[in-house]
1. Please work out how much length the chain gains when fully extended from Ala540 to Arg50, using 0.36 nm per residue of separation minus the C-alpha to C-alpha distance, in nm with one decimal.
2. Would you mind computing, in nm to one decimal, how far apart the modelled labels at Ser282 and Leu42 are, each placed 7 Å from Cα along Cα→Cβ?
3. Express the relative contact order of segment 8-125 as a whole percentage, based on alpha carbon pairs under 8 Å and six or more residues apart in sequence.
4. Which of Leu500, Gly159, His487 sits closest to the plus end of the dipole of the chain, meaning its Cα is farthest towards the positive end, when Lys and Arg get +1 and Asp and Glu get -1 on the C-beta?
5. For a footprinting-style exposure proxy, rank Ser152, Ser173 by other Cβ within 10 Å, fewest first.
6. Size of the dipole of the chain about the Cα centre, Lys and Arg at +1 and Asp and Glu at -1 on the beta carbon, nothing else charged, in debye to 20?
7. For a paramagnetic label modelled at 7 Å from the Cα of Gln210 toward its Cβ, which residues of segment 117-136 fall within the zone defined by backbone nitrogen distances under 15 Å?
8. Could you pull out every residue, at least 5 positions away or on a different chain, whose amide H is within less than 5 Å of the one on His384? Hs are placed 1.01 Å off N in the peptide plane, and Pro or chain starts have none.
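Every number in this text was worked out from the coordinates using simple rules, so none of it is lab data. This structure is a prediction, so every number in the text was calculated from the model and none was measured. In this analysis, Cβ positions are derived from the backbone assuming ideal geometry, glycine residues included, and neighbour counts consider all displayed protein chains.
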Amino acid sequence: MKNLDIKFEDIPVKKLSYKPIEKKILSLIEQLKAASDYKTGLKVINAFERYMSKFSTNVTVISIRYSLNTTDEKIAKYQDIVDEMSPLIGNLINMWNKVLLKVPFRAELEKKFTPYYFTMIENSLKSFDEKIIPELIEINKLSSTYDKILGSAQIEYKGKIYNIPQMGKFAKSKDRNERRDAAIKVDEFFQAHEQEIGDIYGKLVLLRDQAAKKLGFKDFVELGYLSLGRVDYNAEMVTKYRKQIAEEVVPVAQKLCKAQAKRIGIPFKKMYSYDYNLMFLSGNPEPIGDAKYLVDSATKMYHEMSKESGEFFDFMKEHHLLDLEARPGKQPGGYMTFLDDYKFPFIFSNFNGTEGDVSTLTHEVGHAFQGYLSRNIKPADFRHATLETSEIHSMSMEFFAWPWMKLFFGKEADKYCYGHLVDSIQFLPYGITIDEFQHWVYTHPRATHEERCAAYQEIERRYTPHKVYPDEMKVAKHGGWWMRQSHIFGVPFYYIDYTLAQVCAFQFLVEMDKNQPKAWKKYLKLCKCGGRYPYCQTLAKNHLRNPFEEGNVAKVIRPLKKILNRFDESKF
Ligand SMILES: [Zn+2]
């Protein structure tokens, strides 16, 4: 057991080398092959788990350090080594899994670990084979290059240098010229890198397509789904689900866009994409304090919310597991990750003084809280759910934080909640745009960059027809907005997950509105469930409506209109 008083910065960063890791795993594989009874086998499996926990902790420490400072050359090298070896490690795990599936005591293991444990293993065997290692190595390198390009963005604006997340503050400015200029500045960055980023994506698509074909798939779509651990739904169900969103949510979102235009005093027909960043003429609500103030307020909130959440948040602070402010050199975005050996969640974000800081904080805390509640689940594979389930934990937490928004926004608390809900509804059409685009891309792997942009534009116009770009935003205007959506590069098909989770988080919002303690209890149960079940089963076990079932999207969306109507827009 590790020293539990340790702080994040005390965790050693180790340069990994492949050979000793390979030797250790191969020896464990031999031991598993030799195990003839359940008891001996379980001992080997536990030893393997312990070793993999140590390995994954080392890898995660490197990736956190790298994201905190992409200009640190030593860590960048360590990260390169990890990127290069990760497919090889994947292969070793594959070898382990093949042996595990054939052990003579499988029935006893299934009883202990549940059949889903083996479904996951079978699934990962289908989605990986030694012969695709060269493609995977190349894919890792290309996605790191993409991250590096975006992370190193140095945008000059009003005599100062900003990275992309830092530009967010200007993009949401009350001053229309500032909004416009900021949007153009960011687009100019993509203009300067369009060819490079377009090439990277083209190569990624071909490599993924090639890997899928080597494994016997028609194209990358099915492989992409399997790689995300989607065992109880498929692309066809997702297509029908997108249709439900298109029919039920797109009209509501359009109405909200029109109301927004009216609110901010710009005729709907004259609204530009950057205007939608401004929810209110009086300006978007801003947090009433700096990062330290936000953390203090969060401490108060989580203590008042429940015993569990209070203990958890103290834990995060005690061990320095929050790195929240934007700095040059830091990777954009926000994430939560987990250090297995220490059972530490870690939260990374880029605070820039906008209301997004509060939603990022509450969002990532939702992930971290779930990780904390599930930290002792065994086997460790069940601690974390697949992505569309994990996002329910985070997005629901954003809503559970509503009653405390006064702490963060003072008089503007209601304005924040209203904006948050509108934003969450407006997000769904964008979410399905990104998803449909990727399905198009991987079923047309040989398309050119221009053809991809044209496809994106066509989909974008269908689901978000209000998005009109000024001529100066050359990249966005010709259908290149997707280039800034990092998920498309790093984790294909991971995006619809946010929409699937949002539909579930809305259910928590409606329930907490009726009966907060009951909704919170249900949420705790869901978090503690971790990744024991695949998505649809998790929903069924926790009495949540499944978005794939025809009619369920409508049932979830309708009660939101009532909540929306309760806010007095004229006050904002
Ligand atoms: Zn998330």
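1. Result: 173.2 nm gained on full extension.
2. 6.2
3. 34
4. Of the listed residues, the answer is Leu500.
5. In increasing order of surrounding Cβ atoms, one gets Ser152, Ser173.
6. 1100
7. Answer for this model: 131-136.
8. So His384 has HN proximity to Gly531.
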